[in-house]
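Note sheet for the following structure.
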Amino acid sequence: YKFCPQCASPLEWLAQLEDGGEKSRLRCVGCGFTHWNNPTPVLAAVIELEDRGGQLLLARNAAWPGKFFGLITGFMEAGETPQEGIAREVAEETGLTVTELSIIGAYDFQRMNQVIIAYHAVAQGEIVLSPELAEYKLLPPEAVKC
């Protein structure tokens, strides 16, 4: 943000007393709007394919250069739980149906101003990639590097 979304005045870095003490944030001197810039929740799935001997699915995003493969990830939608969101993302991006979910953990990813909520997802079905993904690999768990 460079300008206030309410009154179009330029935003400025201003310190103000908040619950935790003084905090500098982008604020509007015209109407008092504050740009909170809170982290965005992102969902991630370590997908175990129960009908393929417990192999893990990694995918390469079509926009990524090179041959980097990673987890299935996506943003939560308004009105859904993290569990519903990651099951939806897995279905949308891979065509798989999630049969079990367990949380792995939540991880700070400050470089992108995100909090990643990671799940172990047991899934089954035919793999059909969305146009967002270029290719996938199935690997035994011991072959996957963090």
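Read the figures in this text as sums done on the coordinates, not as results from a lab. Just so we're clear, the structure is a prediction, and the values are computed from it rather than from any experiment. Note that each Cβ is placed from the backbone with ideal geometry, even for glycine, and that neighbours are counted across all protein chains shown.
Numbers at a glance
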quantity: Fraction in percent of alpha-carbon pairs per bin - 10 Å, the chain; calculated: 11, 31, 26, 15, 14, 3, 0
quantity: Selection of trypsin sites (Lys or Arg not before Pro), the range 44-146, meeting DSSP coil and at most 13 other Cβ within 10 Å; calculated: Lys67, Lys145
quantity: log10 of Debye I(q)/I(0), alpha-carbon scatterers only, for the range 80-146 at 0.14 Å⁻¹; calculated: -0.52
quantity: Estimated distance in nm for a label pair at Phe109 and Glu126, the labels positioned 7 Å out from Cα along Cα-to-Cβ; calculated: 3.1
quantity: Built amide H within the under 5 Å cut-off of Ala134, gap 5+; calculated: Arg60, Asn61, Ala62
quantity: Interchain or long-range residues, amide H under 5 Å from Gln114's placed H; calculated: Thr40, Phe109
quantity: Options Pro82, His35, Phe3, ranked by Cα towards positive dipole end of the chain, top entry (Cβ charges); calculated: Phe3
quantity: Residues whose placed amide H lies under 5 Å from that of Gly95, excluding near-sequence neighbours; calculated: Val128
quantity: Contour excess over end-to-end distance, with Cα ends at Lys145 and Ser24 and 0.36 nm allotted per residue; calculated: 39.7 nm
quantity: Span from the the range 33-62 Cα centroid across to the the range 121-136 one, whole angstrom; calculated: 12
quantity: HN-Hα J in Hz across the range 62-76 - Karplus 6.51, -1.76, 1.60, θ = phi - 60°, x for Gly and Pro; calculated: 4, 8, 7, x, x, 10, 7, 10, x, 6, 7, 9, x, 8, 5
quantity: Loop-located GluC sites (Glu not before Pro) in the range 26-113, at most 13 other Cβ atoms within 10 Å (DSSP); calculated: Glu77, Glu80
quantity: Within the chain, longest stretch clear of exposed chymotrypsin sites (Phe, Trp or Tyr not before Pro) (DSSP loop, no more than 11 other Cβ within 10 Å); calculated: 69-146
quantity: 3J(HN,Hα) from dihedral phi, the range 27-39, Karplus parametrisation 6.51/-1.76/1.60, rounded to Hz, x for glycine, proline; calculated: 9, 9, 6, x, 10, x, 4, 10, 8, 6, 6, 6, x
quantity: Potential lengthening between Leu138 and Asn38 on full extension [0.36 nm per residue; Cα-Cα distance subtracted]; calculated: 32.5 nm
quantity: The range 53-61 - phi-based ³J(HN,Hα) in whole Hz, Karplus 6.51/-1.76/1.60, Gly and Pro as x; calculated: x, x, 5, 9, 9, 10, 10, 10, 5
